[in-house]
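The structure is given below, and queries will be raised subsequently.
The values are calculated or read from the model by the stated rules, or taken from the named source; none is laboratory data. Model, not experiment: these values are computed from the prediction. A quick note on method: Cβ atoms are made from the backbone with ideal geometry, for glycine too, and the neighbour counts reach across all protein chains shown. Side chains included, ligands, DNA and RNA excluded: accessible areas come from the protein's heavy atoms. Shrake-Rupley method; radii C 1.70, N 1.55, O 1.52, S 1.80 Å.
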Amino acid sequence: MKKRIRVIACYKKSVSISAAHIFLIGTLAFSSTAAQDRFSVSTSLTAVGGTLSDGSHNMAYYLYGGIRYQAQDYYLSLSLPLVFNSSGSYTQLGGMYFPNGSGNGNNFGGGMHGSGGQGSMMNGSLGMSALNTGIGDMYLYGSYTFVKETNSLPAFSSDGFVKFPTASPSLNIGTGKYDFNLAVSARKFIGTFLFYVQTGYLFLGNSSEDSIENPITFSAGVGNNFGGGNHLLLIEYDSYSTIVPGFASPKQLSVGYTYLINSGLGYTMIGSVGLNNSTSDYTISAGFNFIL
């Protein structure tokens, strides 16, 4: 039981992201002996795609590197991506990616930056020659379990992240400000199944000309441990309340799979689909986690 609990708990987006997030993209499961009081490093590649309001299909790629410290009751992790995109085609907020629009604010992300400003993008199909390259925003994630799970009660934890506006100006992504999220989550095992719910509040940095609102965040998921605790399958639903007035509140559905290769190495794949035009059509991520 202890191994199973740690395998799934260590898998926590946001998601993330994750956030948020789908437990946390890029955070992988590993063995019970390696899960506590140890550092790990991770790397993952995320592809984000969809059709924008001008009819163009666009892709963005995020190559993440991260480091994490896992203790018995808490973890801290730091993540920084190298981004390849088409003039700001997508912006990451926690565990979701938002289309930035076609330079006129007609997409969700364009509304986040006034009249498309930071969210402008190229028209037409995307070729590798059209990609901009630069450093993305850095995220610091953390979680602390303040009530441990018992036979009758779920575990409760406080979760959150801080986004540092480190993105290269040429990428035209992000709010350009510090963002941070505070949340509370509960999780409970029933046999080999884990049930999980989280709610929080996302504080978005913005200037006076940006008509955006701080959203309430919500996530719920169910996971199953199988194969002797070496495999995890997770389904999660994520949503934010209204961020840009006049646009639908962002929602997505994600499926994740983690394979514990050995006590020091794990592999994760995550696929997400946006449930409305305020999120990317799809996100695909895969990566490894290495125990130091």
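Provide the packing ranking of 90-98, 169-177, i.e. peptides ordered by the mean count of other C-beta atoms within 10 Å per residue, highest first. Could the numbers behind the result be given before it?
Numbers: 90-98: 29.8, 169-177: 19.8.
Descending mean neighbour count gives 90-98, 169-177.
Same structure, new question: Just to confirm a number: summing +1 for Lys and Arg and -1 for Asp and Glu over residues other than residue 249 whose beta-carbon lies under 15 angstrom from that of residue 249, what do you get?
So the surrounding residues net to -1.
Something else about it: Could I have the simple spin-label model distance between residue 226 and residue 69, label points 7 Å from Cα toward Cβ, reported in nm to one decimal?
Distance between label points: 3.8 nm.
Between residue 261 and residue 51, 0.36 nm times their residue separation minus their Cα-Cα distance comes to what?
Stretched out fully, the residue 261 to residue 51 stretch lengthens by 72.0 nm.
Taking the Cα centroid of the stretch 225-260 and of the stretch 130-169, what is the distance between the two, rounded to the nearest whole Å?
Between the Cα centre of the stretch 225-260 and that of the stretch 130-169, the gap is 14 Å.
Output ³J(HN,Hα) for the stretch 153-158: one whole-Hz value per residue in order, computed from phi by the Karplus curve 6.51 cos²θ - 1.76 cosθ + 1.60 with θ = phi - 60°, and x for Gly and Pro.
10, x, 7, 10, 9, 9
For a Förster distance of 45 Å, can you work out the FRET efficiency between the beta-carbons of residue 292 and residue 241, rounded to the nearest 0.05?
Numbers: r = 39 Å, r/R0 = 0.86.
That pair, residue 292 with residue 241, gives E of 0.70.
With bins 5 Å wide starting at 0, give me the P(r) of the stretch 179-267 over every alpha carbon pair, in whole percents.
Histogram of Cα-Cα distances, whole percents per bin: 3, 12, 17, 17, 15, 12, 10, 7, 4, 2, 0.
I've got another one for you. Given the Cα-Cα distance of residue 152 and residue 184 and 0.36 nm per residue of separation, how much length would full extension add, in nm?
Extra length from residue 152 to residue 184 when fully extended: 9.6 nm.
Given labels modelled 7 Å from the Cα in the Cβ direction, how far is it in nm from residue 170 to residue 269?
The modelled label-to-label distance comes out at 3.3 nm.
Using θ = phi - 60° and the Karplus curve 6.51 cos²θ - 1.76 cosθ + 1.60, what whole-Hz ³J(HN,Hα) does each residue of the stretch 269-275 get, with Gly and Pro shown as x?
Values per residue, Gly and Pro as x: 10, 9, x, 10, 10, x, 9 Hz.
Taking a probe of 1.4 angstrom, what is the accessible area of residue 190 in Å², to the nearest 10?
110 Å²
If you build the convex hull over the alpha carbons only and average its shadow over all orientations, what do you get for the stretch 140-292? Give it in nm² to one decimal.
Result: 11.2 nm².
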